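For reference, the structure discussed in these notes is given below.
What follows is calculated from the coordinates using simple rules that are stated; it is not laboratory data. Note that the structure is a prediction, hence the values are computed from the model and not measured. We place every Cβ from the backbone using ideal geometry, glycine too, and count neighbours over all the protein chains shown.
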Amino acid sequence: MQQEEDLFTHQDTLANLHENLPLTEKLRFLHQVIRQDFPFIDRLAIALFDEKTEMLKTYTHSTEGNDSPVTTYDAPLSSAPSLYAIIEHRRPRLVQDLNIFSQGTHEHTQRVAAKGYKSSYTMPLYQSGTFIGFLFFNSLQEHPFAPKTLRQIDIYGHLIALMVINELTAIRTLLAAVRAARNMTHYRDLETGSHIDRTAHYARLIARELSPSYKISDEQIEHIFLFSPMHDVGKIGIPDNILRKPSKLDSAEFDVMKTHSAKGREIIDSVLEDFSLGTFGHANILRNIAEFHHEAADGSGYPKGLKGEEIPIEARISAVADVFDALTSRRSYKAPWSNEDAFNMLRKMSNSKLDRDCVEALINNAEKIREIQQRFIDNDLI
């Protein structure tokens, strides 16, 4: 007869997926499990599709250190016809010998080949029928994918797809709730949708430029991109007579205005709790952006007077992105500054108000800044 102690002898192989871990760590854990059955699978990677810009962008991968061939990278999906064909066929793509792409000029293809990968299996990812990205299984061997193997790999692929969808759904729920909180008062944000888009893309530019030196992962970059526009959510708690005052605030009014950072953190914490998202892996990125985007490099900012590296990097990035767009945008009280004039002002503010590395990271991408400005033009300027 089976004893009670024998009822619990089996350890769930995938139990770690229940833990509060970032998607990248879960993917690396799952890769280790997969390799127990399929040791020839040397890399898992996920790329997401940005429907608004029609760009494919790296998101996360399972390889440690600098071994991944493609990171902090994006490209128009239209520039990768072999990947676009996957969507057209709505079926995965099996390449048993990547040498068939040896003459390919696409940067993604060249990077993968340079790292020695010989074969790949690529699954399209869908959420409720909408294409959201790709999952790549890469191998250093040629012809390793047998039909029986693929049937089992498909199961893992759909498990990973569900993990990705769960992550993206949590992000969208969080963003929607924060936006709703911002808009549920009579106050309407004077910032345009284009300002929000530009600020998000500037933040991503900065984060990508800093990625090697600050070890910012693609997953973190994506969350900085998504959460930067939410930095001023706390302003819904500021009275209109202060928030919309056309003239300069007096010291008492400015003290009230400064409370929006702490209010923003409170709102976000409340949303996270109400929607049971408190364990969401990168919630602290949103918290830090809302609470600390007015901290200053020299310690003169608020709410806590943090300085230098005490300020979370995502808050430093968001601050530079927001200040630059404010300078280069038209306001009722000023004409837009030229990019060069704005760059000069950012340099003057470096090491006092703004982080120098973040400023230089933005300025180093002048051409991409112009592309963002051309793509996201304020409606009143069209």
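Once region 302-372 is represented by equal point scatterers at the alpha-carbon sites, with solvent omitted, what log10 I(q)/I(0) does the Debye formula produce at q = 0.14, 0.15, 0.16, 0.21 Å⁻¹?
Debye output, listed in q order: -0.44, -0.50, -0.57, -0.91.
Against the globular-protein guess of 2.2 N^0.38 Å, express the Cα radius of gyration of region 265-317 as a ratio, rounded to two decimals. Provide the component values of the computation, followed by the final result.
Numbers: Rg = 12.1 Å, N = 53, 2.2 N^0.38 = 9.9 Å.
Here the Cα radius of gyration is 1.21 times the empirical estimate.
Once you mark the GluC sites (Glu not before Pro) that are in a DSSP loop and have at most 15 other Cβ atoms within 10 Å, what is the longest gap between them in the chain?
Result, exposed sites excluded: 143-382.
For region 137-177, place one equal point scatterer on every Cα, skip the solvent, and apply the Debye formula. What is log10 of I(q)/I(0) at q = 0.31 Å⁻¹?
One equal scatterer on each Cα of region 137-177 leads to -0.99.
For the chain, what does the relative contact order come out to in percent, with C-alpha contacts under 8 Å and a separation of six or more?
Values: 516 pairs, mean separation 50.4, N = 382.
The value is 13 percent.
Between (i) 21.0; (ii) 27.1; (iii) 22.9, which matches Kirkwood radius over Cα pairs in Å calculated for the structure shown?
(iii)
Please work out how much length the chain gains when fully extended from N344 to R330, using 0.36 nm per residue of separation minus the C-alpha to C-alpha distance, in nm with one decimal.
3.2 nm
Would you calculate the separation in nanometres between label points at L162 and E51, each defined as 7 Å from the Cα along the Cα-to-beta-carbon direction?
2.3 nm
Which FRET efficiency value, to the nearest 0.05, is calculated for A252 and A180 with the Förster distance at 35 angstrom and r the Cβ-Cβ distance?
On the way: r = 31 Å, r/R0 = 0.88.
Step by step, r from the Cβ atoms, then E = 0.70.
Using just the C-alpha positions of region 240-298 as equal point scatterers, what log10 of I(q)/I(0) does the Debye formula give at each q in 0.26 1/Å?
Log-scaled intensity ratios, in q order: -1.02.
Assuming R0 = 22 Å, what is the FRET efficiency of R91 and K368, from their Cβ-Cβ distance, to the nearest 0.05?
On the way: r = 34 Å, r/R0 = 1.56.
Given R0 = 22 Å and the Cβ-Cβ separation, E is 0.05.
Using 0.36 nm per residue of separation minus the Cα-Cα distance, give me the extension gain between K307 and N99 in nm, one decimal.
Working: separation 208, 0.36 × 208 = 74.88 nm, distance 5.16 nm.
Roughly 69.7 nm would be gained on extension.
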